[in-house]
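The values are calculated or read from the model by the stated rules, or taken from the named source; none is laboratory data. As the structure is a prediction and not an experimental result, all values here were calculated from the model. Counting neighbours? That spans all protein chains shown, and the Cβs are built from the backbone with ideal geometry, glycine included. Please note that ligands, DNA and RNA were not included when accessible areas were found on the heavy atoms of the full protein model with its side chains. Shrake-Rupley method; radii C 1.70, N 1.55, O 1.52, S 1.80 Å.
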Amino acid sequence: MTELRQRVAHEPDAPPEDKESESEAKLDGETASDSESRAEPAPPPASVDDTPEVLNRALSNLSSRWKNWWVRGILTLAMIAFFFIIIYLGPMVLMIIVMCVQIKCFHEIITIGYNVYHSYDLPWFRTLSWYFLLCVNYFFYGETVTDYFFTLVQREEPLRILSKYHRFISFTLYLTGFCMFVLSLVKKHYRLQFYMFGWTHVTLLIVVTQSHLVIHNLFEGMIWFIVPISCVICNDIMAYMFGFFFGRTPLIKLSPKKTWEGFIGGFFATVVFGLLLSYVMSGYRCFVCPVEYNNDTNSFTVDCEPSDLFRLQEYNIPGVIQSVIGWKTVRMYPFQIHSVALSTFASLIGPFGGFFASGFKRAFKIKDFANTIPGHGGIMDRFDCQYLMATFVNVYIASFIRGPNPSKLIQQFLTLRPDQQLHIFNTLRSHLVDKGMLTAATEDE
C-alpha cells in the first residue's frame, strides 16, 4: 500500500509532450475553441428537393431515376434556350452575364465556408470576403478595359486618369482590406480567421481569375467563347445520356455515377459536335471578329475582314482514309482543326474540373453547391468544368493563335508625344528601306 502511494505521488500529472503542446498553443494565442476547430467541422444542412411543384405532379408516377432524368432534361433545354438568347443580345450582355455568374459562384462557395464555421461568429468575415471580390474585379476589369478599349479610355479624361494609376489604386484597395483583416483578428479565433482568409483567396483564384479569362476569350471573337462553352455542355449532356442508357463500368470513386461508357461516348459525340458547330459559325463575321470600339460611331462593333483561320481551304485526305470514304480532298475552315483540340480538352480534361468539385463537396458532406437549379444544383455545379476550359482556351489562343495586333499598336502610337512619334517613324522608315520594301527615292520625298 505504501509503495502504491509513493508511485502515485511520483507520477506526473500529464505527459511532457502534452504540456509542451499546451504551452506552445498558449504562445500562439490558441485557446480551447481553436483546439476544437481542428476537429472536423459540422456539415452544412442537407439540400432539399426544390423541384417545381408542377413537375413533381406531372412526373409523380415515374421512378426516381426517370423522374430525375426528365427534370434534368427539361431544365437543360431551358438553360440552352437562355444561352441562345444572351448570345443574340451580343458580347456586352454576355460580359454582364459572365460577371453575374461569377458573383453567384463566389457566393455559393463563400456560403459553404460560412455555414461550416457559422457557430464561431467570425468578425467581418462576410464583409471582407465581398470587399476582396470587389477589389479583384476592379483590377481585372480595369485591365481589360484599358487593354481592349484603349482609344475610348484616352478620350475620356476621368478614364484616362483611372487607367494611368489603375494598378496603384487596385493595390491600395487590396491593402486596405488586408489591414482590415489584421485589425479584425480576435485572440480566440486566430486559426479560423486565417482558414477563412485562405478560403476567400482560393475562391477568388478559382472563380474570379478564370471568369476574367472567359471575358478575354469573348473579346477575341464570340466563336472563342461559344464553341468551348458549347463543347463542355455537349460533353456533359452526351456523357450523361451514354452513361444513363449504357453505363456499366464506374469511372472514378469521387463521382460514382460517372461511367467509362459515358466518358468515351461523350468524347466522340463532342468532337463531332465541335466540328459541325465550328463549320457553321466560321462563316459569320459577327462570330469570328473581335470586339472593338469604333471612334466614328462611338459604339462597340464586331466587324472585320475574317482572317485566314476563318476562310475555307482545301485539304488532302490521307490515303488510308481515302480508301474508306472515297474522297481525295475536303474543304473546311482551319478553325475546325483547332476545334478538335478544344473539344478533346472539353471531353478528356474538362471533366476533371467536375471531379475536383465532387471531391470538394464530399469533403464537406454536401450534395450540391446550392439549390439554384432543380435537378442540377447550384450555378457552380454547372460551371465547374467551364472555368478550367476557359483557362485552357486563353492559353491556347496566346500560344497558337494570337499575334501582334496592328490596331492596338497604332492606338498606342497616337498617344505618344510628337517627338516620340517622329523617332518611331524614322526608325520604321529606315527598317523598310533596308528590307527593300521602300525605295530610297521615296524616303527622300
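At 1.4 Å probe size, with the rest of the protein present, what percent of the exposed accessible area of the stretch 162-258 is carbon and sulfur atoms? For the stretch 162-258, the apolar C and S fraction of the accessible surface comes to 73 percent.
Could you tell me which of rounded, prolate or oblate describes the stretch 150-253, using a ≥ b ≥ c as the square roots of the eigenvalues of the alpha-carbon gyration tensor, with rounded for a/c under 1.5 and, failing that, prolate when a/b is larger than b/c and oblate otherwise? Taking the square roots of the gyration eigenvalues as a ≥ b ≥ c, the stretch 150-253 is oblate.
What accessible area per residue, rounded to a whole number of Å², is obtained for the stretch 315-375 using a probe radius of 1.4 Å?
The answer is 54 Å² per residue.
In terms of its C-alpha gyration tensor, the stretch 304-445 comes out oblate, because a/c is 1.5 or above while a/b does not outweigh b/c. A DSSP coil position with no more than 11 other Cβ atoms inside 10 Å describes the following trypsin sites (Lys or Arg not before Pro) in the stretch 237-284: ARG248, LYS253. In the complete set of protein chains, residue-level accessible area for LYS435 is approximately 130 Å², probe 1.4 angstrom. When all protein chains stay in place and ligands, DNA and RNA are ignored, the 1.4 Å accessible-area order of CYS100, CYS304, largest first, is CYS100, CYS304.
Per residue, the stretch 104-164 exposes 49 Å² of accessible surface when a 1.4 Å probe is rolled over the protein heavy atoms with every protein chain present. With the cut-off at 18 Å, tell me which of the pairs LYS188/LYS365; LYS187/LYS365; LYS258/LYS367 have Cα atoms farther apart than that. With Cα atoms farther than 18 Å apart: LYS188/LYS365; LYS187/LYS365. Grab the other residues whose beta carbon is less than 15 angstrom from that of ILE229, score K and R as +1, D and E as -1, and report the net. So the environment of ILE229 carries a net charge of -2.
Ordered from highest to lowest accessible area with the whole protein assembly present and a 1.4 Å probe, LEU173, LEU122, LEU205 read as LEU205, LEU173, LEU122. In the stretch 75-188, Cα pairs under 8 Å separated by at least six residues give a relative contact order of 27 percent.
The solvent-accessible area of ASP121, taken with every protein chain present and a 1.4 Å probe, is close to 120 Å².
The candidates THR172, THR203, arranged from most to least accessible area with a 1.4 Å probe in the full protein assembly, appear as THR172, THR203.
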